[in-house]
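What follows is a structure written as structure tokens; I'll ask about it next.
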Amino acid sequence: MMNSKSSSSGNQDSNAFVAAGNAFGNFFNRVGKAFEEKQEELRIAREAKEAGKIWDNKKKEWVFYLIDEEWEELETKEKQLKTKGSSGAVGEDGSEERAVKDREYYDLLGVSTNATAAEIKKSYYKKARVVHPDKNPDDPEAAAKFQQLGHAYNVLSNDQLRAAYDKNGKSSTTAEETDTTEMDAMVFFNVMFGSALVEPYIGELWVAQTADSMLKDESMAGMTPEQYEAMDEEERNKIMEERIAAMQEENEFKRAKREVKCAKNLRTRITPFMDLFEVKGPKLAKEVFRQEVHEEAVKIAQGAQGDLYLKTIGFALEVNAEEYLGFESSFLGLGGHLARTKQNASGFGTAMGLLGAGVKAASAGVRAMQEAEKLQKDMEERAAGGNAGESGENGAMPTEEEQMKMAMGVQESIDDSLPAFLEFAWAINKRDIHSTLKGVCKKLFDDASVPKE
């Protein structure tokens, strides 16, 4: 009996031991298989990188990246977006121009009478930056030229005014356009920070695009305020979600197009030197490159914010090149890690600078608003405290001269706050340029059409 129980217990122990052994065996087999799979992944990744491929997160595979191929895809997508958002306006299709009563404003902007709203806006931004008085201090007629250009844009960018102008000429729109001559937000930022010399390398600044979008919000999707207010909360939320999704898609498209275009421009810029390198050798190619780049830098420095652009763009290009070369050629990629640390430190400093500039701008804005509110309150109190026929310092109603002084006080307060706003805007620009050039350099370095050597 005892022997039978002992035998049964031994068999159970033996079975448990075998089961444990099998479990451990399966575990180590899985670990070994996972290790082999990981080694295989690393081998594939190494071979892919050596061949010049990059990992595509969307396709989940290693692919050859080509700048020109992405540019074609973006152009195709842009055409689709234009078709989707087209309102029937005639674009650049080579059709005969529409007959209009007067075409002076079209000629000032350099556009066809068939020009779309986007074409009119693009031409205005380009010309306004050239003729603005701040860009032409030696031209006594610069202010008049800029004002005339603004008149033309104010009319042609407004559907009702444009229709009246096309039908009746300037006489029917002079009064209306005089009342709408405020500077466009995008033009303001382009005048203050724009430079045609650096645009090929950094594209159109984000702050200018955003200011334009915010001040010309189309969140109601063409509806009147009354129609929007009549909707219930669910319908409003749905419209807002659709609008946000569309804006995100548009912003992503603009970012990609901006980076690819700048990468193409950089490639075009350095191609002649690479050709010279092949024909005449590295010494002459480097000398010619340095000389031409120096001449270009001198021209940029003479423009608006030129010194800031040179420092910001130069640092971004240098640190991205150091990071790429460091990972490609240094031992264990130490050079790349060092350059990345340098870039991260600069990014942190830029973020802190942006925060500080933002606080200054907010404080300046609050002071300007408080000054304006104070003056407005003072005027209202004086108007309410006296007789309707009295005026002047001892009366209730401020005289025209006093009102002018109050308005000038508000304007001075706003002018005093402008430097803080411009400092904040430049801090945003600096961060934008660093981010953009990081993407531009990656595309340029990943471009499989250019050999790594």
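Filter Lys122/Lys254; Lys127/Lys430; Lys60/Lys261; Lys79/Lys264 down to the pairs with a C-alpha to C-alpha distance above 23 Å, please.
Pairs exceeding the cut-off: Lys127/Lys430; Lys60/Lys261.
Shifting gears a bit: Among Ala263, Asn251, Phe289, whose Cα lies farthest out toward the positive end of the dipole of segment 234-297, if unit charges sit on the beta carbon of Lys, Arg (+1) and Asp, Glu (-1)?
Projecting each Cα onto the dipole axis, the largest value belongs to Phe289.
So how do 325-337, 251-263 stack up, highest first, on mean other-Cβ count within 10 Å?
Details: 325-337: 13.7, 251-263: 18.2.
In decreasing order of mean packing, 325-337, 251-263 become 251-263, 325-337.
Computed from the coordinates by the stated procedures, all read-outs in this text should not be read as laboratory data. Remember, predicted model here, so these are calculated numbers, not experimental data. When we count neighbours, we look across all protein chains shown, and the Cβ atoms used for this are built from the backbone with ideal geometry, even at glycine.
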